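Remarks on the structure that follows.
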Amino acid sequence: MNYSKEFLKRRLQVQTVQQWDIENDISWELGIDLTKSLLPPVKSPSIIPNGTPEEEHAFSQFMGLIAAAAIAEHEKLIEEIKEYSFDRTLKNYNVSEEFVELGESFFEDEAKHSKAFTKYIEMYAQELNLTPDELKSILPAHHKNSIFCNLFKLNSYLGGMAFWWTVATTEEHSMEIFRIIRPMQKKVDPLYYQIHKLHFEEEVRHSSFAQMMLDLQRSKEAPFLSRLLRKCDFAFSDLLEKAWTIIQLKKLSRVHRFKDRHPLLNTISIVIGKINSIPLHKRINLLRGDIDYLSLMINPRKHKNIQKQISKSNAFVLKILEGSK
């Protein structure tokens, strides 16, 4: 890895000058328009058997909330593992002060993104007559000292970069979500769209930092254990993310507890009941490719930049739950 001080200074300057403020640059006063979609409606009868337009809309809403929660939780996790994945890791490499400053800026932005999406979810909870904790109980969440968090910490402690593979994948996935909703801007809740747009613009400016960390790992010779981790880090990250995603999606079945709070909750409860009636192998296909924004979470190799990193690292790949790339 050979990033000049001048290159790093320019990157940091661009990130700093174009940063947005969570309170002043987001139009929170817009509130939430429940009549608008969050993600594209799903038309395939294989997903919602005999689905009505109302059910397709409700499914769009909750898939959008799941996407927002997944981004918020992953970016919160970034800060929780920083000591292991960044501070401790850099002690093993000779990096410039500018590289460290760029990294610190990256972590600050990720914390801000998490807060923005979390605030949106909490506002949405009010619209559904739920407390924030009640809505979060059926959405994806990372818990401090969970088995997933601790496995990432252990990998980083041993010199691995599995966590940075997850960060790189999350960045690519979050940017792809905006690309999905951009053509349908007028149909998307304006506040949801604005947050994703600002998030996308900032991710474009600094998404390569995770890849820079992966480049850092390849920049010097390493003992056997580190070389082995290098080969297996992507597969380890991918396996953890697949397991986490499936576990988190199962939480949506709890929505029936709140179906009497709001018509939208009752409708999504009906939708989840229909989906749960589908044979298991067909439900697996939903994850593999029938729903683009879920299949991207399950199959990170759909992202071209991730494919390039896998090729650079000559990384081992587990072809589990993968549809067509």
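The values are calculated or read from the model by the stated rules, or taken from the named source; none is laboratory data. Only a predicted model underlies this, so the values are computations on that prediction, with no experimental measurement involved. Neighbour counts run over all protein chains shown; Cβ positions are idealised from the backbone, glycine included. We work out accessible area using only protein heavy atoms, side chains counted, and drop any ligands, DNA or RNA first. Shrake-Rupley method; radii C 1.70, N 1.55, O 1.52, S 1.80 Å.
In square angstrom, rounded to the nearest 10, how much accessible surface does I22 have for a 1.4 Å probe?
30
Sorted from largest down, give the three principal axis spans of the alpha carbons of the range 162-266, whole angstrom values.
Ordered largest first, the range 162-266 gives principal extents of 59, 32, 16 Å.
For the range 1-159, compute Rg over Rh where Rg is the Cα radius of gyration and Rh is the Kirkwood radius from the inverse mean 1/r over Cα pairs.
Numbers: Rg = 19.8 Å, Rh = 18.5 Å.
Dividing the radius of gyration by the Kirkwood radius yields 1.07.
With respect to the cross-link table entries K242/K302; K186/K302; K9/K312; K197/K312; K91/K153; K282/K304, which display a Cα-Cα separation exceeding 20 Å? Write out the running numbers ahead of the final one.
Details: K242/K302 14 Å; K186/K302 27 Å; K9/K312 25 Å; K197/K312 30 Å; K91/K153 16 Å; K282/K304 27 Å.
Cα-Cα > 20 Å for K186/K302; K9/K312; K197/K312; K282/K304; rest within.
Quick one: order T245, T118 from most to least accessible surface, probe 1.4 Å.
Numbers: T245 5, T118 35 Å².
Solvent-accessible surface, decreasing: T118, T245.
With all protein chains present and a 1.4 Å probe, how do K136, K82 order by accessible area, largest first?
From most accessible down to least: K136, K82.
Karplus couplings for the range 141-153 from phi (6.51 cos²θ - 1.76 cosθ + 1.60, θ = phi - 60°), rounded to Hz, Gly and Pro as x?
For the range 141-153, the Karplus curve yields 8, 9, 10, 4, 6, 6, 4, 5, 4, 5, 5, 5, 4 Hz.
In a Debye calculation with equal point scatterers on the alpha-carbon sites of the range 105-165 and no solvent, what is log10 I(q)/I(0) at q = 0.13, 0.14, 0.24 Å⁻¹?
For the requested q values the scattering log ratios are -0.51, -0.58, -1.02.
Which one, S146, S219, S85, has the greatest fluctuation when you compute a Gaussian network model over the chain with C-alpha springs under 10 angstrom?
Among S146, S219, S85, the largest GNM mean-square fluctuation belongs to S146.
Take H281, H199 and sort them by solvent-accessible surface of the protein heavy atoms, 1.4 Å probe, largest at the top. Spell out each step's value before the answer.
Numbers: H281 115, H199 5 Å².
So, going from the largest accessible area down, we get H281, H199.
In Å², and per residue, what accessible area does the range 115-219 have when probed at 1.4 Å with the other protein chains present?
Computed with neighbouring chains in place, this is 36 Å² per residue.
Ratio of the range 47-113's C-alpha Rg to 2.2 N^0.38 Å, to two decimals?
That ratio works out to 1.76.
Residue by residue, what Karplus-based ³J(HN,Hα) values in Hz, rounded to whole numbers, does the range 118-132 have, using 6.51, -1.76 and 1.60 with θ = phi - 60° and x for Gly and Pro?
For the range 118-132, the Karplus-derived couplings read 5, 4, 4, 4, 5, 5, 5, 4, 4, 5, 8, 6, 10, 7, x Hz, x marking Gly and Pro.
Provide the gained length on full extension for the span K250 to D21, in nm with one decimal, where the gain is 0.36 nm per separating residue minus the Cα-Cα distance. The partial results should precede the final answer.
Working: separation 229, 0.36 × 229 = 82.44 nm, distance 3.42 nm.
So the chain would gain 79.0 nm between K250 and D21.
For the Cα atoms of the chain, what angle does the longest principal axis make with the long axis of helix 263-276, in degrees from 0 to 90, nearest 10?
Between helix and principal axis, roughly 70 degrees.
Per residue of the range 305-317, what does 6.51 cos²θ - 1.76 cosθ + 1.60 with θ = phi - 60° give for ³J(HN,Hα)? Whole Hz please, x for Gly and Pro, Karplus curve as stated.
5, 5, 4, 5, 5, 4, 5, 4, 8, 6, 7, 6, 10
Of all accessible surface on the chain at a 1.4 Å probe, what whole percent is carbon and sulfur?
Result for the chain: 53 percent of the exposed heavy-atom area is carbon or sulfur.
If R₀ is 22 angstrom, what is the calculated FRET efficiency for the pair K91 and R227, using the beta carbon separation as r and rounding to 0.05? Show your work: numbers first, answer last.
Details: r = 19 Å, r/R0 = 0.86.
Efficiency for this residue pair is about 0.70.
For the range 89-128, what does the equivalent ellipsoid look like in terms of its semi-axes, each the square root of 5 times an eigenvalue of the Cα gyration tensor, given largest first in whole Å?
For the range 89-128, the semi-axes come out at 35, 9, 4 Å.
Just need log10 I(q)/I(0) for the chain at q = 0.10, 0.12 Å⁻¹, Debye formula, equal scatterers on the alpha-carbon atoms, no solvent, rounded to two decimals.
For the requested q values the scattering log ratios are -0.58, -0.84.
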